[in-house]
Each structure stands twice: as C-alpha cells, then as structure tokens.
1. Taking ALA186 as the residue in question, decide whether it is in contact with a helix residue (DSSP H, G or I) (Cβ under 6 Å, 6 or more places away or on another chain), free of Cβ contacts under 8 Å to residues at least 60 places away in the same chain and either over 30 Å from LEU355 (Cα atoms) or open to solvent by less than 10 Å² (accessible area, probe 1.4 Å) (or both).
2. Among the listed residues THR71, THR34, which satisfies the condition of being in contact (Cβ under 8 Å) with a residue 12 or more places away in the chain, of a type in the set (S, T, N, Q) and within 16 Å of the ligand (Cβ to nearest atom)?
3. Can you find, within the stretch 199-208, the residue that is farthest from the ligand (Cβ to nearest atom) among those that are open to solvent by less than 10 Å² (accessible area, probe 1.4 Å) and not β-branched (Val, Ile, Thr)?
4. How about the stretch 307-323: which of its residues are under 18 Å from the mean Cα position of the chain (by Cα) and either more than 15 Å from ILE16 (Cα to Cα) or basic (Lys, Arg) (or both)?
5. Restrict the check to the stretch 145-153 and report whether at least one residue is closer than 20 Å to MET103 by Cβ, within 11 Å of the ligand (Cβ to nearest atom) and among the small types (Gly, Ala, Ser).
6. Check VAL379 against each of (1) within 18 Å of GLY124 (Cβ to Cβ); (2) out of contact with any helix residue (DSSP H, G or I) (no Cβ under 6 Å at 6 or more places or on another chain) and name the one condition it does not meet.
7. Please verify whether the stretch 127-144 includes one or more residues that are within 30 Å of ARG284 (Cβ to Cβ) and within 15 Å of the ligand (Cβ to nearest atom).
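The values are calculated or read from the model by the stated rules, or taken from the named source; none is laboratory data. Every value quoted in this text rests on a predicted model; they were computed, and no experiment measured them. Ideal geometry is used to build each Cβ from the backbone, glycine not excepted, and the neighbour counts take in all protein chains shown. Please note that ligands, DNA and RNA were not included when accessible areas were found on the heavy atoms of the full protein model with its side chains. Shrake-Rupley method; radii C 1.70, N 1.55, O 1.52, S 1.80 Å.
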Amino acid sequence: MLKLDFHPAGRHFLQIPGPSPVPDRILRAMSYPTIDHRGPEFGQLGLKVLAGIQQIFKTRHPVIIYPASGTGAWEAALCNTLSAGDQVLMFETGHFASLWQKMAVSLGLKPEFIGLPGIEGWRGGVRADMIQARLEQDSEHQIKAVCVVHNETSTGVTSDIPAVRRAIDAAGHPALLLVDTISGLASADYRHDEWGVDVTISGSQKGLMLPPGISFNALSPKAIEASQRGGLPRSFWAWDEIIEMNKTGYWPYTPNTNLLYGLSEALDMILGEGLDNVFARHQRLAHACRTAVQAWGLPIQCADPSVYSPVLTGVMTPEGVDADQVRKTIYERFDMSLGTGLGKLKGRMFRIGHLGDCNDLTLMATLSGCEMGLQMAGVKLEASGVLAAMDYLAGQHVPLRRE
Ligand SMILES: *Cc1c(COP(=O)(O)O)cnc(C)c1O
C-alpha cells in the first residue's frame, strides 16, 4: 500500500521556487467557512482583494483574478489580446519562456522566438537591444506583441523590463508588452503602470505565499482596447464580463473563496511589512545564498550579476555529478525539497528558492542541508558556504520588524 507520510518530525523545508511555504497565518485565514459567493459579505472580500492586489502590481487599472494556475493566466493574456495568426515576438530566457512560446503555437499564433543560442541563452536575461533591432525591421507592424518573462524561474534571472519598454518605444513600434512575473511578484520590484506593461501575468504560489490555485492578469487601457477589438475565441478567460462584475466585488462564476481569504491575509502581511522592505529582505537573502555558492566554488546558473534573481539561485553541479541525485539525497536525509533542473538544464543544476515566507535562519538551514548533501554526493567544496553566508548575514544588522 502507498504510504503517504507528510508529517515526519520537524517541518519540511519547501525550498523550491514555488510553491513556497504558506505561513500559518494564511492557512488559518483559509480555514474560515466558505461563504455564499453572491452574498453581501463576499462583495466586501472581493473589493478588498481587488484593491489590494492593484497595490502589489502598482497599477490603477483592473487586475483579473482567475481560479487557475499561472498557465491559465498565460493563456488568458494571449487570447484576450491577440487574434489567430498574429505574429508575436518572444524571448528565450529558459524553460518558462519556452513553455509560453509553445502555448502561443498551440493557440494558433505565430511566435518568433529569439535569444542567444544553446545553454548561454539560459544564463542571462532578455536582451532589449535584440528586441529593438527586430522591431525596427518590422516596418509593417506585423508583430502584435512582445512577450517576456520577468523572473525566469528555471534559471534564476530577473530581466530588466523598463529596458524592454524603452526598446519598443525607441523602435516606434505599437506592439503590446506582455510580461510573466508569476515568480517575481511580491518578491522582486515590479511596476505595471510605470513600466508601461500592457498585460502582467502572475500566480499565487510564489511571492504571494499562497497555495497554488489563483492567478492574475493586470491590464492596461491599451490591452483592454485590444481585447474589445479582437482576440482569440474565449469564454472563461474573457476579461469584459469579469471587469464588469468585479466593480461590485463579484465574479461571473464561482471564485476560489478560501484562496481569496488567503489572499486577503497575504496582502495584509506584505503591505504591512511594506513592499520595499519585502524586496530588500529578498535581495539580502539572495546575496547570502550566492555568497555560499561562491564559497563552495560552484558556478551560479545566472552568469550576469546585473540580473541575479532575488527569488532563487541556480547552482550548477560539477561535470559528472547528477544534480538530481544530490537533490534526492538531500530530500531523503534532510526532508528538504530543492528545485530540479528544467528542460535543457536537467541533471546539470538545482535551484534554491529563497522567496516568500523566508528569513535568515530559514536560509541558513537550507544552505546547511545543501552543503551536507553536496559533500555526501562527493562534491569537493572549496570552502564552507554556510560559514560564508553566516558571516554575511551577521555582518549586516537588520532589526526584526515587530508590530
Ligand atoms: C511557476 C511559473 C509558471 C507556471 O505557473 P503554474 O502555476 O505552474 O501554471 C510560469 N512562469 C513562471 C515564470 C513560473 O515561475
């Protein structure tokens, strides 16, 4: 018989870059009774979360909340704004950019996938100069949208979105800008309106510290206009009816009530800590993590320090060491989950998540597990990454925030 033991002693270390650990405070909020989604109380909850999530995206325009995983919100962004056969320009930063490109093909769009060849393209960020050069060639304006991933979760790279906006503007091109920040939102600085993004896609289970199950489209007036003019066949994902009903805090169908309780609590936590403090905490933990990896003498997957991700760090294992074997050892011995190498990177690297409900000691325990696991797998480490990270964290006095 299958033995499912989810509760060994101590707590499981869920250090994958999403789903991230869900704070007890959020789990408790989610255990409130499910209410009538057409009743008077629900409208108040709806209005609260819709207003709160706008603050996280930094937008004054509508944000759609879907009862779906991030993949659904990808599809929603494409099918509301683009029509059959439309050309789109997508940039290959890693596995998630590749999955989104495949989806565009399935939906009958014509994506052009640009990037650097081979594995090198999976070690850096979006090249705005390449996007600008391609758009400048498109004098007929056949390209209807530029699609990029802000935080590429498969590699640990956070791309410069304002640079992509500037590239589109410099080319004088009318294409929409669609950005996936499924794993960046509420962990890395993001500004939907200021950066001139037309649709931002995100999900619940990463920086927002919620379980998987809801996802988002933040819109611009230009995106809404495009959806009114055209789009692909759609019903469930259609923005218009949702925007209309959201004005009073309701949805056209049954929303995910208990996840919305969780979202309400997550918003209180994140806005209570302050977005800038949340971002600074992520940067500090990411820096400590990279300090450890560098002390071990192992390469970081992201080869360009200007685009290091505050959300996760990709660690490359030496030639001949299967990164998935290291992960398996760590899982079995220390009850810790790390992210696997995805797509082209399978077996070559593992990913340490340091997002959401994470503090100095969460990270130190995580790094200890990694260091022990690497040693058990026979990897020769140059020095202790744990000690290096401790030095970094202890040298940077940041008082704990108490309410
Ligand atoms: C997690 C993730 C996705 C996929 O989201 P699902 O919720 O698994 O559908 C897409 N893009 C990025 C960048 C992600 O991190």
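1. Details: in contact with a helix residue (DSSP H, G or I) (Cβ under 6 Å, 6 or more places away or on another chain): yes; free of Cβ contacts under 8 Å to residues at least 60 places away in the same chain: no; either over 30 Å from LEU355 (Cα atoms) or open to solvent by less than 10 Å² (accessible area, probe 1.4 Å) (or both): yes.
Criteria not met by ALA186.
2. Values: THR34 fails: within 16 Å of the ligand (Cβ to nearest atom).
Just one listed residue meets the conditions, THR71.
3. We begin by selecting, within the stretch 199-208, every residue open to solvent by less than 10 Å² (accessible area, probe 1.4 Å); these are 199-204, 207-208.
This time we only want the ones that are not β-branched (Val, Ile, Thr), so: 202-204, 207-208.
Working: SER202: 9, GLY203: 5, SER204: 8, GLY207: 10, LEU208: 12 Å.
Taking the candidates together, the pick is LEU208.
4. Listed by number, the residues that qualify are VAL307, TYR308.
5. The initial filter retains those residues of the stretch 145-153 that are closer than 20 Å to MET103 by Cβ, namely 145-153.
Among the residues that remain, those that are also within 11 Å of the ligand (Cβ to nearest atom) are: 148-153.
Pick out the ones that are also among the small types (Gly, Ala, Ser) and you get none.
No, because not a single residue in the stretch 145-153 is closer than 20 Å to MET103 by Cβ, within 11 Å of the ligand (Cβ to nearest atom) and among the small types (Gly, Ala, Ser).
6. Every condition holds for VAL379 apart from (1).
7. Taking the stretch 127-144 first, the residues within 30 Å of ARG284 (Cβ to Cβ) are 127-128.
In the following step, the residues that additionally are within 15 Å of the ligand (Cβ to nearest atom) were identified as none.
Scanning the stretch 127-144 turns up no residue that is within 30 Å of ARG284 (Cβ to Cβ) and within 15 Å of the ligand (Cβ to nearest atom).
Per-residue answers, yes or no, for (1) under 18 Å from GLN55 (Cβ atoms); (2) within 16 Å of the ligand (Cβ to nearest atom):
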| residue | (1), (2) |
| --- | --- |
| LEU176 | no, no |
| VAL197 | yes, yes |
| ALA238 | no, no |
| GLU241 | no, no |
| PRO255 | no, no |
| LEU267 | yes, no |
| LEU275 | yes, no |
